[in-house]
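Engineer: The structure follows.
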Amino acid sequence: MTGPYVIGCDVGSQGTNAALYAADGTLAASAYEPYDVAFPHPGWAEQDPRLWTEALHAAIAKLVRDLPEGPSAVKGLSFGSQLDGMVLCDRQGRALRPAMIWMDRRAEAQAAALAGRISRADFYRHVGANLDSSHAVFKALWVRDEQPDLYAAATSIMPPGSYVLRHAAGVLAVDYSNASSLALLDPRTRQWSAPVLDAVGIDQALLPELAAGTQPVGRVTAAFAEATGLSPETVVVVGCGDEMAATLGAGVFAPGEVCDVVGTAEPVCAASAEPRDDPTMLVECHPHADPDVWLLENPGFVSGGNLRWWRDQFGPQERDAEARGDGDAYDLMTGQAAGVPPGAEGLVYLPCMQGAMAPEWNGAARGVFYGLTLAHTRAHLTRALLEGSAYALRDILEAMRGAGLEVRRLTIVGGGAKGALWRQIKADVTGLPVRVPTSVETTATGAAILAAVGAGVHASVADGVGAFVAYQPEEQQPDPERHQAYTDAYRRYRDVYFALKPVFERA
């Protein structure tokens, strides 16, 4: 393996993963640096932004130190950074307080107040995003209301991606996908939305300059080069949000392709050649990492987290077997579920353990097993749990179709992509073929593709995807008979949810 090389960095909420790729897309090395999230009060989630830059220094230094050709062989660097976070900085780029990250939900009052000035439908129409406190603009409004002195001292409001970009290159900019997570960008024009800025009372001068994710912004600063060992000639490329990077790193950028990211939560993203509105507002519209593409996106319901809860609470035998080296606990549990017929013989699971993001956004919804009889076994409940996530996925795909997008295929990434039974259930429930990339580090891969394009190593995003992304040879196909059985079971799942909706709201 020889250079040139590029580095893609996944700047997440639990840690930063930096990955070194050769120009042909071969993963040469990776390094991970963990850090913590602070939860000062219920509903709050904060992080010191310096943790991100310190992790970048350490992880990149490990990659560069072991590179036989030396640091000059690294031509480009870019980032896939956590979305929906907010950093308030002074003129020198120093954070005035800890970043409020995507998990932070303290700004419910600010979201409710804005809903009194602009309707939820109008807000969605202007910025393609739901009027929901998860988005970063409401975190900025919370600081303005609760910490006015800090807000008055700020000269910039930025997402995490802009903070690390400024640290690496000395340039304050934001790509369209990260800007969209502020819920202040019109995804159609890719400009800041004047109606929403007026409604929230935020001065556009506080926001970073907009740029494409493939845009080179200069070379690394002398301080960043010294801290990482990179050559001072290394080109820094703007980058994008981590969800968009993961989707790009899975090869999903052609219209109709869908990326199903199965981790603790399950975000679902579909590529579109044009911006689209979902009349139900189940999916949001955001610019993709590729500046010529948009994403229809649902930010994710709890999915893999449900399966982990099921294993931890109800799988002691399987966990003991795994500890003895007698197999993977998840494989042992789902293996039993493989013998249960599709539809789990009338058993339905609603995957709403932390609220619902499908079939609608509803924070009051809760997880439910419905239809239990004495004939049902633990294997039935395991299968129903897997099927519940597949039904929620189908909800999202139906909303994408309602927005006018023809969905063609699922690409599944994340830890949940490992389960063959779960993949087949999703193919059968949705009626779509399912494929899995060979690389599990798709966020870093997507960032590396942007670095390669911005640094001139590859001519286009399509060329980069062709070099960096490959797939496992097996592709799950939907079975027509099982798909019909699941169509009936899917209707039952929706009937159960909407029948229980008044109960959720009363609770």
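Rule-based calculations on the coordinates, nothing more; no lab input. The shown structure was predicted, so the numbers you read here are calculated from the model rather than taken from an experiment. Counting neighbours? That spans all protein chains shown, and the Cβs are built from the backbone with ideal geometry, glycine included.
Engineer: So if I place +1 on the C-beta of Lys and Arg and -1 on the C-beta of Asp and Glu, and nothing else carries charge, what would the dipole magnitude of region 312-437 be about its Cα centre? I want it in debye, nearest 20.
Structural biologist: Values: 13 positive and 14 negative charges, 70 e Å.
Once rounded to the nearest 20, the dipole reads 340 debye.
Engineer: Right, something else. Count neighbours as other Cβ atoms within 10 Å of each site's Cβ, and list the GluC sites (Glu not before Pro) in region 50-151 that are DSSP loop with at most 12 such neighbours.
Structural biologist: GLU69
Engineer: Identify the residues of region 260-282 with backbone N under 16 Å of a label point that sits 7 angstrom from the Cα of LYS418 along the Cα-to-Cβ direction, or state none.
Structural biologist: So the set is 262-265.
Engineer: Show that you can apply the helix-only estimate: for the chain, add -39,500 (n - 2.57) for every DSSP H stretch of four or more residues, divide by all residues, and state [θ] at 222 nm to the nearest 500.
Structural biologist: Numbers: 18 runs with 200 residues, N = 507.
Only helices count here, giving -12000 deg cm²/dmol.
Engineer: Now a separate question. Measure of size requested: the Rg and Dmax of region 442-486, with Cα atoms as the atom set and Å as the unit; please supply both.
Structural biologist: 16.9, 50
Engineer: Order 82-91, 327-336, 192-201, 255-264 from most to least packed using the mean count of other Cβ atoms within 10 Å.
Structural biologist: Values: 82-91: 23.7, 327-336: 17.8, 192-201: 16.3, 255-264: 22.0.
Highest mean packing first, the order is 82-91, 255-264, 327-336, 192-201.
Engineer: Let me ask another. Below 8 Å between Cα atoms, with a sequence gap of 6+, how large is the relative contact order for region 398-502 in percent?
Structural biologist: Working: 104 pairs, mean separation 31.4, N = 105.
Here the relative contact order equals 30 percent.
Engineer: Next question, about the same structure. Report, in listed order, any pair from LYS75/LYS418; LYS75/LYS426; LYS426/LYS501 with a Cα-Cα distance greater than 31 Å. All intermediate terms of the calculation are to be shown ahead of the outcome.
Structural biologist: Details: LYS75/LYS418 33 Å; LYS75/LYS426 40 Å; LYS426/LYS501 25 Å.
Violating the 31 Å limit, Cα to Cα: LYS75/LYS418; LYS75/LYS426.
Engineer: Stokes-Einstein at 4 °C, 1.567 mPa s, Kirkwood radius from Cα pairs: D for region 57-132 in µm² s⁻¹? Please report the intermediate quantities before stating the final value.
Structural biologist: On the way: Rh = 16.6 Å.
Estimated diffusion coefficient is 78 µm²/s.
Engineer: Further question: Return one number: the angle in degrees, 0 to 90 and rounded to the nearest 10, between the long axis of the Cα atoms of helix 304-314 and the longest principal axis of the Cα atoms of the chain.
Structural biologist: Between helix and principal axis, roughly 50 degrees.
Engineer: What is the helix-to-structure angle for 480-506, meaning the angle in degrees between its Cα long axis and the longest Cα principal axis of the chain, kept from 0 to 90 and rounded to the nearest 10?
Structural biologist: 80
Engineer: Applying the Karplus parametrisation 6.51 cos²θ - 1.76 cosθ + 1.60 with θ = phi - 60° to the phi angles of region 13-30, what ³J(HN,Hα) value in whole Hz is obtained for each residue in order, glycine and proline being reported as x?
Structural biologist: Those phi angles translate into 8, 9, x, 10, 10, 10, 10, 9, 10, 6, 4, 7, x, 6, 6, 8, 6, 9 Hz.
Engineer: Let me ask you something else. Per q in 0.19 1/Å, what log10 I(q)/I(0) does a Debye calculation on the alpha-carbon atoms of region 93-201 return?
Structural biologist: -1.02
Engineer: Over the Cα atoms of region 150-208, what radius of gyration and what Dmax do you get, in Å?
Structural biologist: Looking at region 150-208, its Cα Rg and Dmax stand at 11.6, 33 Å.
Engineer: Once region 341-417 is represented by equal point scatterers at the alpha-carbon sites, with solvent omitted, what log10 I(q)/I(0) does the Debye formula produce at q = 0.12, 0.15, 0.20 Å⁻¹?
Structural biologist: For the requested q values the scattering log ratios are -0.41, -0.62, -0.98.
Engineer: Still on this model: With the Cα gyration tensor of region 1-50 in hand, give its eigenvalues times 5 under a square root as the equivalent ellipsoid semi-axes, listed largest first in whole angstrom. Intermediate results must be reported in sequence, preceding the final value.
Structural biologist: Details: eigenvalues 217, 12, 11 Å².
Equivalent-ellipsoid dimensions as semi-axes: 33, 8, 7 Å.
Engineer: Further question on the same structure: Rounded to the nearest 20 Debye, what is the dipole magnitude of the chain about its Cα centre when Lys and Arg each give +1 and Asp and Glu each give -1 at the C-beta?
Structural biologist: Values: 40 positive and 60 negative charges, 107 e Å.
Magnitude of the dipole: close to 520 debye.
Engineer: For the peptides 227-235, 436-444, what is the packing order when you average, over each peptide's residues, the other Cβ atoms within 10 Å and list the highest mean first? Walk me through the numbers before you get to the answer.
Structural biologist: Numbers: 227-235: 19.4, 436-444: 22.6.
Sorting 227-235, 436-444 by mean packing, highest first, produces 436-444, 227-235.
Engineer: Follow-up question, since we're still on this one. Once you keep just the Cα pairs under 8 angstrom separated by 6 or more residues, what percentage relative contact order results for region 39-112?
Structural biologist: Values: 61 pairs, mean separation 33.5, N = 74.
Relative contact order for region 39-112 comes out at 45 percent.
Engineer: Another question, then. Roughly what % of Cα-Cα distances in region 371-507 sit above 21 Å, to the whole percent?
Structural biologist: More than 21 Å apart: 56 percent of the Cα pairs in region 371-507.
Engineer: Hey, which aspartates and glutamates would be in cross-link range of LYS62, C-alpha to C-alpha under 16 Å, not counting anything within fewer than 8 residues on its own chain?
Structural biologist: ASP10, GLU33, GLU54, GLU226
Engineer: Right, something else. Write down the radius of gyration of region 1-99 and its Dmax, each obtained from C-alpha positions, in Å.
Structural biologist: My reading of the Cα-based Rg and Dmax gives 15.6, 50 Å.
Engineer: Next question. Relative contact order of the chain: what whole-number percent is it, with Cα pairs under 8 angstrom and at least 6 residues apart?
Structural biologist: On the way: 1188 pairs, mean separation 80.6, N = 507.
Relative contact order for the chain comes out at 16 percent.
Engineer: Still on this structure, I have one more. Under a Cβ-only charge scheme (Lys and Arg +1, Asp and Glu -1), can you give me the dipole magnitude of region 1-87 about the Cα centre, in debye to the nearest 20?
Structural biologist: On the way: 4 positive and 10 negative charges, 48 e Å.
Using Cβ point charges on Lys, Arg, Asp and Glu, region 1-87 gives about 240 debye.
Engineer: Treating the Cα atoms of region 296-341 as identical point scatterers in vacuum, please give the log10 of the normalised Debye intensity I(q)/I(0) at q = 0.24, 0.32 Å⁻¹, two decimals.
Structural biologist: Rounded to two decimals, the profile gives -0.85, -1.13.
Engineer: Hey, of [x] 24.1, 81; [y] 22.5, 69; [z] 22.2, 75, which did the structure itself give for Rg and Dmax of the Cα atoms in Å when calculated?
Structural biologist: Among [x] 24.1, 81; [y] 22.5, 69; [z] 22.2, 75, the one calculated here is [y].
Engineer: With everything on Cα atoms, drop me the angle between helix 49-65 and the longest principal axis of the chain, reported from 0 to 90° to the nearest 10.
Structural biologist: Value to nearest ten degrees: 80.
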